[in-house]
1. With a 10 Å Cβ neighbour count serving as the proxy for reagent exposure, in which order, fewest first, do His14, His215 appear?
2. Alpha carbon centre of segment 1-44 versus segment 272-336: separation in Å?
3. Filter the DSSP H helices in the chain by two things, a Kyte-Doolittle mean of at least -0.5 and an axial alpha-carbon span of 30 angstrom or more, and list the hits by number.
4. With an 8 Å Cα cut-off and a minimum separation of 6 or more residues, compute the relative contact order for the chain in percent.
5. Ordered by packing density, taken as the mean number of other Cβ atoms within 10 Å over each peptide's residues, highest first, how do 126-132, 192-198 rank?
6. When DSSP beta bridges are limited to those with both residues in segment 249-405, what percentage is antiparallel, rounded to the nearest 5?
7. In this model, which of Lys100/Lys251; Lys100/Lys468; Lys251/Lys322 are farther than 30 Å apart at the alpha-carbon?
8. May I ask you to compute the full-extension gain from Asn387 to Ala349, defined as 0.36 nm times their residue separation minus their alpha-carbon distance, rounded to one decimal in nm?
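Values quoted throughout were computed directly from the atomic coordinates according to the rules given, and no laboratory measurement underlies them. Keep in mind that what you see is a predicted model, and the values were worked out from it rather than measured. Using ideal geometry, Cβ is built from the backbone for each residue, glycine included, and neighbour counts are taken over all protein chains shown.
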Amino acid sequence: MKYAPLENFINGTHTSSNAATLEITSPVNGQLLSSVPLSSTDDVQTAVATAQAAFATWSGLTLRQRCDVFYRYRNLLQDNLDELSQICHEENGKTIGESKAEVLKAIELTELACALPNIVTGESLEVSPGFDCSIQQAPLGVVSCITPFNFPIMVPHWTIPMALALGNTMVFKPSEQVPLSANRAAELLTEAGLPDGVFNVIHGDRSVVEAICDHNDIRALTFVGSTPVAQAVYARATSTFKRALAMGGAKNHLIVMPDAEVQHTASNVAASACGCAGQRCMAAATMVAVGEVDHIVDQVVEQSKALVPGDNLGAVISANAKDRIEHFITEAEEQGATVLLDGRGATVAGYEGGTYVGPTILDNVTADMTIASAEVFGPVLSIIRANDLKEAIDLENASPYGNAAVVYTQDGQVARQFADQASAGMIGVNVGVPVPREPFGFGGWNDSRFGVGDITGRGSIQFWTQAKKITSHWVE
């Protein structure tokens, strides 16, 4: 076991639990990394009570005082970039380069929290002689965030810096598949000066998620994961009258027009489909080839061949994930898809215990095939043929999801029409992974999001606070 067995992090210290444990193995090579407790409902109660006790003092600080902690935390993330990247690589399977990019995104998210004193400035207006109205953003109390395996550092930082800097205290439940980075983040927050009890990490499985949803003292939560689970979490959390924002899965369509710039489009599509081993909700799942674009398809295949498992293509999270992804490929082939590039059976010399799927491209996929609608979550690109832009947009609109939609073209009118008519919350024009940079918020549509607002950016301020309106009358 490379790392010591993990414990929960409550009230500023690692805290043991009597719960059963789960072994954590690396998808890179199958190495045993650590073990994680599968916490009980009592453990959740303890974490919530601790966060509740810390709320009054933490929320009583000024916004600038709270943000000072995150200035120091931001620098600690930068100072520990290599260590955090290595942990992410080992527990998730990403390449080192992808892991570093993830930590850098966490730094960017923290920097937005540091800027809150210049953003959350309040409003005040003399509405009539002697009468002033003002508005303040007040924290909610104890909040929670529940995160997935695919971005163990970035996705938690969608919520942690903003929610805490705005004055809330938190119970954080990371994926039990990638728990190491969560505890390291807790340690760095403590080193940055975050008071004990403000941030607590509770490890576990579904029962912990349900306990968080059910707890009456948790005022709000965010969740990121698959659509079926996001729906269940949103329904359960809101049934106890708490705020919830649950981000679900995706089936992103990349529309390639005949006038698209060939090399840029090909490399962009391949990177979007296979980056992070396809384990991201902004990955290209379907390329809609409009008209005569075989010359671009050929280049997508060539660009994808340059992605080598264990070199510049990371592992998928587990053996079960590998089996599931390869089953989708086999099923699509049996249903009539043409395999242009086959990533099944990938192994890496010296890392035979790792779980890898090579880049895979399937042509002649039709809308009635399973792979056309199911979220594969692997380095697999399906190509559906369309005669014109309208047909391509209709295919995109037919998807129940709505995270991202992309068009590759040199025609501004086509780009405008696509942006206006695509049913997705994040649109790309010649950008294969159109994740908004801060302060523009991340947020999909349709079955990719349950709840109101964005999970990052300026929009998240409203989610983590409640408005207090003050009317004053000063009599002479």
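1. His14, His215
2. Value for the Cα centre distance between the two parts: 33 Å.
3. none
4. In percent, rounded to a whole number, it is 18.
5. 192-198, 126-132
6. Taking every DSSP beta bridge with both residues in segment 249-405, the antiparallel ones total about 15 percent.
7. In this structure, Lys100/Lys468 lie more than 30 Å apart at Cα.
8. My answer for the length gained is 9.3 nm.
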